[in-house]
Amino acid sequence: MSLPEFRPSILACSVRVALGLAFCAAPLALHAGSPRVSSVYPGGGQRGTEAEFTLSGGNLKDLRTLLFDDKQIEVISCTPAGGGSKIKVKIAADAALGEHRFRAITESGVSDLRLFFVTPFPMVEERKKTKETLLEPQPVELGTTVYGHTPGDDQDRYSVELKKGQRLTAVVVGAHLQTAGLYDSALSITTADGNKLIESDDTAFGRQDPVASIVAPEDGKYIVTVRDSTNTGDGECQYFLHIGSFAQPLAVYPPGGPAGEEIEVKLLGDATGELKQKVKLPAKPDDDFQVYGNIDGPAPLPNAFRVSNFPNVLESEPNNDVEHATSGPDTLPAAFNGVISEKGDLDFFRFTAKKGQAYDLTVYARQLRSPLDSVLSLHNEKGAKMASNDDEGQPDSHLRWNCPTDGHYYISVGDQLNRGGSTYTYRVEVTPVEPKIVSYLPEITQNQNQDRRAIVVPKGNRFAQLIKTKRVDFGGDLSIDPVGLPAGIKVDKGDLDKSVDTIVMVFEAAADAAPAQTLINLTAKPLEAAKDATPLKTGVEHMVDVLENANNKSYYTVLEDKLPVSVAEAIPAKLSLVPFKAPILQNGQMNIKVHLDREGDFKGPVTITFLYVPPGIGSSGVAVIKEGETEGMLPISCNDKAALKKWKICVVGNADFGKGNTWFSTGLSDLEVAPAIMGGQIQRTFVDQSDSTTVTVALNTLQPFDGKAKIELMGLPPGCTSEVKEVTKDDKEVKFDVKASEKAMVGQHKQLFCSFKLVKDGEEMTSTFAMGGVLRVDKGAVAKNTAAPATK
């Protein structure tokens, strides 16, 4: 998995995909069959134990298992219970603390991604409130995780015994246990007589959840209270509350380090002040590495940490201007680390760059749960500002820069609102630009970030999925390949043309494929790589909005590096494309025929549509293969700018086989775009009502053809008619006899054009040409036909 990103409400914008290729997102009942997880209670378990929890949601009756993003949590059983399922899992003794991700796998689908939290402590549920206990706090031991709900104005209070000078830390996980809306929890610690020692609402580290830490001023009982911050909690309002004497760092400094080294880090944000701990870093760069605080016991939540293959530069105060800038190494890449420690603080670093080299200057702050809203600026050797950036599609800053000349340059880092504090840590990585391709499943439904963003293949059938790519400093053709598919699944795909960023892959499962679920990678390979080209970095960067509010704004987004795949149960329907015998012409039209094989007693309707159509191709949307029928048709059109080549296309269908809508597809077929065969010009002319005239069309045969083609004059005004004509490739013009009735619409009509139809191998090819022809219809008196300049 990749590092999560937290997006506060005022900055929250889930990435909405605008596909490079046109695709059909028709107003169907698209996702009625998709399994949904609405509740996981409790939302976690203690590591090294077997834990049970209840899973609730929609379309989960045929639940098979859960697919976790790692192997540290093993599913033992899934048992129906009431309206949901009772899940038993085994959590490894060395399982990572904090967040784990999973999806529910049913016999027919894959659910949205949800979170499960692993705690180091025994778990205790909130006690049921009675009249006798309503005002009495629930006693718990230090080193306990309590869980419960605080809907509305409910408040849960827990008491612990402390000695003078002993630390008490309370950590809430709340917002991330919800599936809709925002549970904005608040936390307070008071003495037994109600004296408030600390209160916490939102924290950058907790990503909307609070953390509080105190040092006991005297021996005695202390009360930890959790509630909704507005006292109007809506929905489930579930929480995990970790209570203990452990130190929970809110930040780690430096927030990154060189691979393979053991470094000493500062743990920041504890009530006792700055703490230190040594950390052994992995031998290779790791974007997912986490530091686990272990002062007076394990911290229940880790701190994100960057592991890179280049050196660290730590700020040396004072470094608030160019003259006092902290110097970096003579060569790049390098990482510059610091803390905006007070209001108005500004940190400067000096580095050396080479002429002609392109560099990425990337800030890591919010991505590492720092409260810093960074502003990054680049300065020349004299200190003059050359460029600046606040946000780059996220709260962290980024600059892409081409060095104009060898020399020394400076970067400066500050906070957008001039804030600062001991936990306002940051890291700026200055690295040469490297070519990179990342792939992901694009959003299919607006404001439904997780809909159909999994690969679910019915046994003996096919499932089509759009794969979208983002190119960084690479513009060639690519081959995109899935890695790690389950046994029994094969994939059909085309190559990714350099003119587009999206392809469709069709996954097909054998009839005897075993039920399976896994996570796969996607790798990219240039079709024509230069011998001295920089190696291309590839992989998956799949952004998922885990928590959205009522306005479809993302409060919490995770970036996954794998994609979910499941082999689902067989369905009694299969789609195929009727083979194309002829290409589609530029400025032409074609009907795509779809055949449906029905099995057993399935007679229901099947809705069909294109998952995507290539650039320059248009589709009318959806069609329905009616109940009991076996064939449907989808018309497409082609403009004059469509690329002259073969494109891979397929059609997807959905039907209800008793468990809600299930998606499946045809295989891929080659759709060839060919140049228009006929062009021409319509000569302007006139006609009276109740009279006739001749419309002459000058023909220009663009491509030779055999036999005869049909030409029809289109766009005539109401009350005017003409006959269809036949032409050969040698004809230079065609004349239409146009008759105007006594009620023909009077006026100048500029919408005339011609339709061209040619049968090839038993299939009709059509196109239009000579657009914008003019016919004037006069009222009453006889008008002489007067030739005028032709129109194209």
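A few notes on this one:
- Residues with amide H under 5 Å from that of Val759, placed H, sequence gap 5 or more: Met765
- FRET efficiency for the pair Ala180 and Ser479, taken as 1/(1 + (r/R0)^6) with r the Cβ-Cβ distance and R0 = 35 Å, rounds to 0.30.
- Between segment 658-721 and segment 106-140, the alpha-carbon center distance in angstrom: 66 Å
- Between Gly667 and Leu577, the built amide H atoms are under 5 Å apart, and every one of these is 5 or more places off in sequence or on another chain.
- By accessible area, using a 1.4 Å probe on protein heavy atoms only, segment 462-541 has 48% of its surface on carbon and sulfur.
- Rounded to whole Hz, the Karplus (6.51, -1.76, 1.60) HN-Hα couplings of segment 97-106, x for glycine and proline: 6, x, 6, 10, 10, 8, 10, 7, 10, 9
- For segment 286-410, radius of gyration divided by Kirkwood radius, i.e. Rg to Rh on alpha-carbons: 0.99
- Cβ charges +1 (Lys, Arg) and -1 (Asp, Glu), total dipole of segment 404-452, debye: 140 debye
- Only Lys, Arg, Asp and Glu carry charge here, each on its Cβ (+1 for the first two, -1 for the last two); on that basis the chain has a dipole of about 2180 debye about its Cα centre.
- Remark: spin-label model distance Asp512-Asp706 equals 4.6 nm, labels positioned 7 Å along the Cα→Cβ axis.
- FRET efficiency estimate (nearest 0.05) - Cβ-Cβ, Asp656 to Gln416, R0 60 angstrom: 0.75
- Debye intensity ratio I(q)/I(0), log10, the chain, q values 0.05, 0.07, 0.10 Å⁻¹ (C-alpha model): -0.37, -0.67, -1.09
- Computed label-point distance, nm, for sites Gln446 and Gln155 using a 7 Å Cα→Cβ extension: 4.4 nm
- Members of Lys266/Lys470; Lys470/Lys593; Lys129/Lys163; Lys525/Lys646 lying beyond 26 Å, as alpha-carbon distances in this model show: Lys266/Lys470; Lys470/Lys593; Lys129/Lys163
- Gain in span if fully extended, Thr694 to Glu631, counting 0.36 nm per residue against the direct Cα distance: 18.5 nm
- Each Lys or Arg adds one and each Asp or Glu takes one away; over the other residues whose Cβ falls under 11 Å from the Cβ of Val651, this sums to +2.
- J(HN,Hα) series, segment 726-741, from Karplus relation 6.51 cos²θ - 1.76 cosθ + 1.60, nearest Hz, glycine and proline x: 10, 9, 10, 5, 8, 5, 9, 7, 9, 10, 10, 7, 9, 10, 10, 6
- Estimated FRET transfer efficiency when R0 is 56 angstrom, pair Ser77-Lys641 (beta carbons, to 0.05): 0.45
- Subtracting the Cα-Cα distance of Lys498 and Lys196 from their residue separation scaled by 0.36 nm leaves 102.5 nm.
- Fully extending the segment from Ser229 to Ser341, taken as 0.36 nm per residue of separation minus the present Cα-Cα distance, adds 37.5 nm.
- Other-chain or far-sequence residues with amide H under 5 Å of Ala568's (modelled H): Val457, Lys459
- Rolling a 1.4 Å probe over the heavy atoms of the protein chains gives the chain an accessible area of 42 Å² per residue.
- Residues of segment 637-654 falling in the label zone of Glu599, defined by backbone nitrogen less than 19 Å from a point 7 Å along Cα to beta-carbon, are 652-654.
- When a 1.4 Å probe is rolled over the protein heavy atoms, the share of accessible surface on segment 196-258 that falls to carbon and sulfur comes to 45 percent.
- Once both labels are positioned 7 Å from their Cα atoms along Cα-to-Cβ, the gap between Glu434 and Ala283 label points is 1.8 nm.
- Phi-based couplings in Hz for segment 405-413 (Karplus 6.51, -1.76, 1.60; Gly and Pro marked x): 7, 4, x, 8, 9, 10, 10, 10, 10
The values are calculated or read from the model by the stated rules, or taken from the named source; none is laboratory data. Please read all numbers here as calculations on a predicted model, not as lab measurements. A quick note on method: Cβ atoms are made from the backbone with ideal geometry, for glycine too, and the neighbour counts reach across all protein chains shown. Surface accessibility is based on the protein's heavy atoms, side chains included, excluding ligands, DNA and RNA. Shrake-Rupley method; radii C 1.70, N 1.55, O 1.52, S 1.80 Å.
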